[in-house]
Amino acid sequence: MNDSKNPIGLFDSGIGGTSIWKEINSLLPNEDTIYLADSKHAPYGQKNKDEIIELSIKNTEFLLNQNCKLIVVACNTATTNAIKELRERYDVPFIGIEPAIRPAALQTKTNTIGVLATKGTLNSVLFHKTVSSYSNLTIIEQVGNGLVQLIEDGKLGSVEIDSLLKTYLTPMLKANIDCLVLGCSHYPYLVPQIKKRLPKSLKIIDSGEAVAKQTKNILEINSLINKSLQKGKHTFYTNTNINVLEKILGTEHKIVNKDF
């Protein structure tokens with residue numbers, strides 16, 4: 001049975017989902033969390049649907065074994081390819097993350113938005129279903145090949161990333177986008193580099209804040225909010241070197257290298 005004092009679980013194909021974790025921790029500072037970075041198998045965006053489902057099941061079972069009361073699939077590719085199967089298989093609330101098309105649709109003036117995401121997300125049935133409901137928009141899709149791996153390799157701010165961003169963003173700007181949707185939880189860490197290549201008037205939109213609000217909402221609906229007044233405790237697991245997580249999170253959190 002789920003207990004309100006049990007932790008929130010999160011998983012991603014690597015460190016990217018920590019951008020979601022930061023939003024959740026900011027909104028729900030008294031909740032304990034367990035984060036799973038499956039960096040050994042990153043990026044998920046290059047894998048087929050069956051592989052993504054298999055990895056998502058493995059990650060979910062790891063978190064359930066840690067008594068997590070709710071699981072955040074902090075990965076666009078895993079959400080769009082596997083969350084339906086996870087919800088059917090396990091009796092625990094799941095929160096997904098997918099490209100924030102709706103906020104962009106509400107803010108665009110040119111009716112042209114860009115979506116930078118992985119191949120796995122852009123090719124998914126769920127993404128195409130979402131896009132099809134916005135027939136009034138021109139949506140410029142761009143696969144961000146190579147970006148996740150460079151982030152996982154600790155190369156934020158690098159010339160390699162800047163070169164890829166130039167290649168990916170230039171056609172979008174020529175198409176007159178006024179909103180850029182970041183369709184991968186890794187990509188918020190690229191915002192400083194992205195901003196250098198975009199006009200200040202162009203809005204950059206990610207899903208982090210919305211996911212945090214939905215997490216709080218589902219916890220409240222299921223009477224799972226931790227009423228403790230103490231700050232939450234947080235454990236981060238990774239199946240590769242902990243150095244990149246330390247760079248992102250600092251050294252004040254418990255980071256564990258564990259093969260899974």
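The values are calculated or read from the model by the stated rules, or taken from the named source; none is laboratory data. The shown structure was predicted, so the numbers you read here are calculated from the model rather than taken from an experiment. FYI the Cβ positions are ideal-geometry reconstructions off the backbone, even for glycines, and counts take in every protein chain you see. Just so you know, the surface numbers come from the protein's heavy atoms only, side chains and all, with ligands and any DNA or RNA stripped out. Shrake-Rupley method; radii C 1.70, N 1.55, O 1.52, S 1.80 Å.
Going by the structure shown, is residue 100 modelled with pLDDT under 95 and more than 23 Å from residue 259 (Cα to Cα)? For residue 100, the condition - modelled with pLDDT under 95 and more than 23 Å from residue 259 (Cα to Cα) - is met. The residue pairs whose first member lies in region 182-194 and is in contact (Cβ under 8 Å) with a residue 40 or more places away in the chain and more than 15 Å from residue 120 (Cα to Cα), whose second member is of a type in the set (Gly, Ala, Ser) and part of a strand (DSSP E or B), and whose beta carbons are closer than 7 Å, counting only pairs six or more residues apart or on different chains, do not exist in this structure. Checking the stated criteria, residue 91 turns out not to satisfy the condition of being open to solvent by 70 Å² or more (accessible area, probe 1.4 Å), without any contact (Cβ under 8 Å) to a residue 60 or more places away in the chain, over 27 Å from residue 217 (Cα atoms) and outside any strand (DSSP E or B). Residue 198 meets each of the listed conditions (1) more than 22 Å from residue 155 (Cβ to Cβ); (2) crowded, with 17+ Cβ neighbours inside 10 Å; (3) free of Cβ contacts under 8 Å to residues at least 40 places away in the same chain apart from (1).
Scanning region 205-224 for residues that are surrounded by fewer than 18 Cβ atoms within 10 Å (Cβ to Cβ) and of a type in the set (Val, Ile, Thr) gives 218, 221. Put simply, of 106, 173, 122, 147 the only residue that is of a type in the set (A, V, I, L, M), surrounded by 17 or more Cβ atoms within 10 Å (Cβ to Cβ) and either more than 24 Å from residue 10 (Cβ to Cβ) or touching a helix residue (DSSP H, G or I) at 6+ places or on another chain (Cβ under 8 Å) (or both) is 147. Taking every residue in region 229-252 that is free of Cβ contacts under 8 Å to residues at least 40 places away in the same chain and pairing it with any residue that is open to solvent by 50 Å² or more (accessible area, probe 1.4 Å) and not aromatic (Phe, Trp, Tyr), at least 6 positions away or on another chain, the pairs with Cβ-Cβ distances below 6 Å are 242/257. Could you tell me whether residue 154 is surrounded by 17 or more Cβ atoms within 10 Å (Cβ to Cβ) and either out of contact with any His (no Cβ under 9 Å at 6 or more places or on another chain) or in contact (Cβ under 8 Å) with a residue 60 or more places away in the chain (or both)? For residue 154, the condition - surrounded by 17 or more Cβ atoms within 10 Å (Cβ to Cβ) and either out of contact with any His (no Cβ under 9 Å at 6 or more places or on another chain) or in contact (Cβ under 8 Å) with a residue 60 or more places away in the chain (or both) - is not met. Figure legend. Inter-residue proximity from region 12-33: first residues over 18 Å from residue 121 (Cα atoms), second residues at pLDDT below 95 and not in a helix (DSSP H, G or I), beta-carbon distance below 6 Å, spacing 6+ or different chains. Indicated pairs: 30/228. Report whether or not residue 115 is over 30 Å from residue 246 (Cβ atoms), open to solvent by less than 30 Å² (accessible area, probe 1.4 Å) and touching a Phe, Trp or Tyr at 6+ places or on another chain (Cβ under 9 Å). Against the criterion (over 30 Å from residue 246 (Cβ atoms), open to solvent by less than 30 Å² (accessible area, probe 1.4 Å) and touching a Phe, Trp or Tyr at 6+ places or on another chain (Cβ under 9 Å)), residue 115 qualifies.
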